[in-house]
2 protein chains.
Amino acid sequence: MFEVFRAYVLRQVTISETDFALIESFAHAKKLRKRQYLLQEGDICRNNYFITKGLLRSYSVDNNGDEHIIRFAMENWWISDRESMLTQQPSRFNIDAIEDSEVLLFDNGSTEMLMEKVPAFGKMIRDMLNKSLIASHNRILETISTTAEEKYANFMQRYPEFALRVPQAMIASYLGITPETLSRLRKRR
Amino acid sequence: MFEVFRAYVLRQVTISETDFALIESFAHAKKLRKRQYLLQEGDICRNNYFITKGLLRSYSVDNNGDEHIIRFAMENWWISDRESMLTQQPSRFNIDAIEDSEVLLFDNGSTEMLMEKVPAFGKMIRDMLNKSLIASHNRILETISTTAEEKYANFMQRYPEFALRVPQAMIASYLGITPETLSRLRKRR
DNA sequence: CGATTCTTTGAAAACAGTCAATCTGTGTGG
DNA sequence: CCACACAGATTGACTGTTTTCAAAGAATCG
C-alpha cells in the first residue's frame, strides 16, 4: 500500500528519496472492513487519511436519524475532518468504509511538521486543500442552481466510478434527495 | 482604509511594523460604486481582495439568465475566485458590489511572495482559507440536509448583518429558492 | 413626484417527499 | 443445491412543498 502512496506523491511533486523516506516513516497503515468507522461523530479528528485502497464516505446524521453524505473518497484521495482537526472540537461527521479499504494515516502533528520540513509535502497538501475548496464551491453552486435531474446527471458525468461502486441510496443521500426520487428520475430518461 | 486592514491583521497575527509596511506597500486601494464589477465571468481572476468597506457578492448566471449567489462578503472578509486564480482559466463567476465599497487588492504574485517572505502573512492567509473550507463544508451539509425554512433560519442566525444589508431576493438566491418562496416562508412564522 | 426596484399575493401546475408494499439479486446455512 | 433471509431498488397512492406567471403593493431615490 505504500507503493500506491509513493506513486501518488511522485505524480504530484518532485521529491528526493530521503524526503520521501521521512514522510513514509510517519505514515501508519490501517485496514478497514466494510462498514468500519474511521471517525465517529463526537470524536476529535486527529489524523489525515490517505486512501490507498477502497472507498469511504463522510456523512452526518440529523435529528431524524437520516444520513447526509458530504463526500465520497477513494484510492488516491485524502479524507479527514478538517474542522474538528483545526478546532480540536468533537466532530459532527462520521467517516466509514463503503468497501474493505486501506488507508495511511498521518497524525496532525506529523502532518504539520512534514509540511514545514519537506516543502514538496507542504505543496502537495496545500494543492489538495485548494482543490477541495474549489470542489466545494462547485458543489455549492450545483446544489443551489440545478434540478435534481441535473444534479444526478452531473454526478454521473463527474464521478462515473462512484456510480459503479456506491449503492444508489447513498448517491441520493449525497445529492440531497430521497432514494425513491432518484429511482423515479432514473426511469424518466 | 488601510487602518481597517491594519486592525484586521493585528487581530489575526502578531507582526512587526517592518513586515506590515512591506505588506501594505503591495496593496492597492480601489473604490467601487454599487453594482460595479470587481470580476466578470470570462475574466481571469488575478487578485485577492480584502474588503475594508461595503458589501459584495460572488455569483454565477445560468443558461436561463438566473443569478445564483455563492457568497456574500463584507468588511474584513476576503474575496476572489480561487479557481480562476490557481488555474489561470476564465472565471465562471461574477463579483460585484451590493453597496458602495472599498477594497485592497493584492495581485496573485505579490500574495504568493508575501506569504513566503512574511510568515505571519502566510499564516493569516492559510487560516482564512481553512475557514473558507470549513464554511463551505457546513454550507454543503446545510443545503442537502435542511428544508428551505431551516436554511433561512440558519442564515439569519449566522449572518444577521447580511439580513439587514442585502435585499431579500438576493438572500433567496443564496439559499437556492425563489424570492416568492422566501417571502411566503417569512410570513408563516 | 415619478421611476425604479423590491416585496407580496393569488392560483395553478410541477415537483419531491412519505409510507407501505413489492420486486430483484446475492449470499448463506441447512 | 435449494430455500430463505437480507439489502437494495422500484412502484403506487397520497400529501405537502416549491415553482411559475402575472399582477398588485411598498419602499427608496433622484
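The values are calculated or read from the model by the stated rules, or taken from the named source; none is laboratory data. All values reported here derive from a predicted model rather than from experimental measurement. Cβ atoms come from the backbone with ideal geometry, glycine included; neighbour counts cover every protein chain shown.
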May I ask you to verify whether A:Glu149 is under 16 Å from the mean Cα position of the chain (by Cα), more than 10 Å from every other protein chain (Cβ to nearest Cβ) and modelled with pLDDT under 95?
no
Candidates B:Ala120, B:Ala135, filtered to the one that is away from DNA strand C (no atom under 12 Å from the Cβ), closer than 27 Å to B:Thr87 by Cα and in contact (Cβ under 8 Å) with a residue 60 or more places away in the chain:
B:Ala120
Out of (1) crowded, with 19+ Cβ neighbours inside 10 Å; (2) without any contact (Cβ under 8 Å) to a residue 40 or more places away in the chain, what's the single condition that is false for A:Thr52?
(2)
Tell me, yes or no, whether the range B:164-187 has at least one residue that is out of contact with any Leu (no Cβ under 6 Å at 6 or more places or on another chain), more than 14 Å from DNA strand C (Cβ to nearest atom) and away from every other protein chain (no Cβ under 11 Å).
no
One residue from B:Asn76, B:Asn63 being in a loop (DSSP other than H, G, I, E, B), without any contact (Cβ under 8 Å) to a residue 24 or more places away in the chain and of a type outside the set (Phe, Trp, Tyr):
B:Asn63
With the checklist (1) of a type outside the set (Asp, Glu); (2) at pLDDT below 95; (3) part of a strand (DSSP E or B) in hand, flag the one item B:Arg71 doesn't pass.
(2)
For the range A:92-145: of the residues being away from every other protein chain (no Cβ under 11 Å) and part of a loop (DSSP other than H, G, I, E, B), which is farthest from A:Phe5 (Cα to Cα)?
A:Ile98
For the subset of the range B:146-168 comprising residues that are assigned to a helix (DSSP H, G or I) and without any contact (Cβ under 8 Å) to a residue 12 or more places away in the chain, which member is nearest to DNA strand D (Cβ to nearest atom)?
B:Glu150
